[in-house]
There are 4 protein chains.
Amino acid sequence: MLYTRKQKIKFKHCDPAGIVFYPRYFEMINDTVEAWFDEALELSFATIHPDHGVPTGEIQTRFTAPSRLGDVLNISLEIQRIGTASLGLHLEAECEGEARFMTSLTLVYVDAQGKSEPWPDALRARILSDMEKNQ
Amino acid sequence: MLYTRKQKIKFKHCDPAGIVFYPRYFEMINDTVEAWFDEALELSFATIHPDHGVPTGEIQTRFTAPSRLGDVLNISLEIQRIGTASLGLHLEAECEGEARFMTSLTLVYVDAQGKSEPWPDALRARILSDMEKNQ
Amino acid sequence: MLYTRKQKIKFKHCDPAGIVFYPRYFEMINDTVEAWFDEALELSFATIHPDHGVPTGEIQTRFTAPSRLGDVLNISLEIQRIGTASLGLHLEAECEGEARFMTSLTLVYVDAQGKSEPWPDALRARILSDMEKNQ
Amino acid sequence: MLYTRKQKIKFKHCDPAGIVFYPRYFEMINDTVEAWFDEALELSFATIHPDHGVPTGEIQTRFTAPSRLGDVLNISLEIQRIGTASLGLHLEAECEGEARFMTSLTLVYVDAQGKSEPWPDALRARILSDMEKNQ
């Protein structure tokens, strides 16, 4: 995997069943994508917005085991494919060797009006360079 | 569609791009499933918990157009299939005729320890009765 | 009280102790202020933004009894005072006669750069008219 | 100040005005209290719950300047007073020397039924020891 970050499960993430409420996982997924842009691509979301954006077009997720208050997840991110204006990412989370969730999502690069736009050359080169490290 | 509810897009749902931040859609999706249990199956989440639960095992979502502050979405829910302990649901959201998102998800009926358990007979009968209205 | 709305306590609001996680109350408070602007002042947050805003400058809250999944709160809002660019509001929430929380907050009318600006005359007149109904 | 943690402002915290939506600050405040229990008092929220809890009874907050995407806040926590079952805390957040918010809150130690209970002796001793470092 290209990029990994730790995520501690906090009180705010957990529901009355004492496990992570699944919409909170999507906040963690977005945090991971945002941190990867910032740290691996060296392009912060604060720089992308408001002239451009990277909304999520689709996302498929499997939750394989519950996470509890105090668990520390390792969330890994890998590039799957790059298109003209799209980017396919795959993320997996595990805790002490147990898979918690896996997700595949597609981002789209858009202008301020939400219209898709080709990735800028420098950013595309950066993403391609990170994809090669994958192999 | 079996069940429909309106969802107004509020300030809290929107991001710096002025559109709904996608993890908030998953809160709306969960609210819709919760309201459907309550109103259509007459089984509130307060009654299910804490002795049982209905965690989401997997979910696949496409976001087809952005939603903005003040939009009123119609979110519809339809049963797709029922298994021994699982339930497949499909939801679609539109605003003034424009599709905003569609999602398919699988719930699992579990006991207090998170172990899957067959749907109770009365609840299964209720779900089957609602599925027939579908056709 | 000038304005009242019902708020059902949903699964997403509750923590591992089975009661509302207090930051979620602030979302409900903001939703109530937003709905009051929309319905009582006939000025939607979608119209105010992005040229202006009404950020919260200070807020004081007491939580007097816990709320649980399925509770239906009545949240009431009353104007306390209006300044050149500020507005003092008081909200109270109760469920079946039991007080749940009370809060006093101050909003400020600001321009797109976040600088305070006097309330527009028409809006001030509207707020003053609503204050009179208070008495 | 006794305890300090850094908090980066992420996309999920920000509203259509491009600044932190204030209910998200209360999540950050709760995260800080939770981290302080964990790191300074060596008592994790996972250990406290579900037999006990530390709900917030009241909280007073001033927001003195907006925070934007990418800002890194320093959030400091200081004990103000300890009662039989209560604990008064004061937190302040700043970014590059500019104050962003300050808050005073009172926690209560409660049993599983939400009834207040005296702080256990060992925990009280620990808190008192941290208070002395304050001076």
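Annotations for the structure displayed:
- Volume per residue of the C-alpha convex hull in the range B:27-94, rounded to whole Å³: 114
- Residue D:132-residue C:125 FRET efficiency (beta carbon distance; Förster radius 51 Å; 0.05 resolution): 0.35
- Enclosing the Cα atoms of the range A:3-134 in their convex hull gives a volume equal to 111 cubic angstrom per residue.
- Sorted from longest to shortest, the spans of the Cα atoms of the protein assembly as shown along the three principal axes equal 55, 50, 50 Å.
- With contacts taken as Cα pairs under 8 Å and at least 6 residues apart, chain C reaches a relative contact order of 29 percent.
- Inter-site label distance for residue A:72 and residue C:98 at 7 Å from Cα along Cβ, in nm: 3.9
- Among the trypsin sites (Lys or Arg not before Pro) in the range C:4-65, none sits in a DSSP loop with a Cβ that has at most 14 other Cβ atoms within 10 Å.
- Per-residue mean of C-beta atoms belonging to partner chains within 10 Å, peptide D:113-120: 1
- Remark: mean inter-chain Cβ contacts per residue of A:28-38 equal 3, using a 10 Å Cβ-Cβ cutoff to other protein chain atoms.
- Spin-label model distance (nm) - residue C:117 vs residue B:52, 7 Å beyond Cα toward Cβ: 5.5
- Taking the range B:2-80 and dividing mean pair separation by its residue count, relative contact order in percent (alpha carbons under 8 Å, at least six apart): 60
- Whole-Hz ³J(HN,Hα) from phi, Karplus 6.51 cos²θ - 1.76 cosθ + 1.60, for the range D:56-70, glycine and proline x: 8, x, 7, 7, 10, 9, 10, 9, 9, 7, x, 10, 10, 2, x
- Loop-located trypsin sites (Lys or Arg not before Pro) in the range D:67-135 (DSSP state not H, G, I, E or B) with no more than 11 neighbouring Cβ atoms inside 10 Å: D:115.
- Least to most buried among D:4, B:106, A:103 (fewest other Cβ within 10 Å first): D:4, B:106, A:103
- FRET efficiency for the pair residue C:44 and residue A:60, taken as 1/(1 + (r/R0)^6) with r the Cβ-Cβ distance and R0 = 51 Å, rounds to 0.90.
- Relative to the longest principal axis of the Cα atoms of chain C, helix C:121-133 runs at roughly 50 degrees.
- Degrees between helix A:22-39 axis and first principal axis of chain A (Cα, 0 to 90, nearest 10): 40
- Distance from the Cα centroid of the range A:1-72 to that of the range B:112-127 is 31 Å (rounded to whole angstrom).
- Here the residues C:110, B:20, ranked from fewest to most Cβ neighbours within 10 Å of their Cβ, fall in the order C:110, B:20.
- Peptide-level mean, for C:48-56, of C-beta atoms on other protein chains within 10 Å: 5
- Per residue, the protein assembly as shown reaches -8000 deg cm²/dmol at 222 nm when only DSSP H runs of four or more residues are counted, each adding -39500 (n - 2.57).
- Exposure rule at most 16 other beta-carbon atoms within 10 Å, DSSP loop GluC sites (Glu not before Pro): chain C longest free segment: C:43-95
Bear in mind these aren't lab numbers, they're just calculated from the coordinates by the rules spelled out. Quantities reported herein were computed from a predicted structural model and do not represent experimental measurements. Cβ sites come from the backbone with ideal geometry, for glycine too, and all protein chains shown count toward neighbours.
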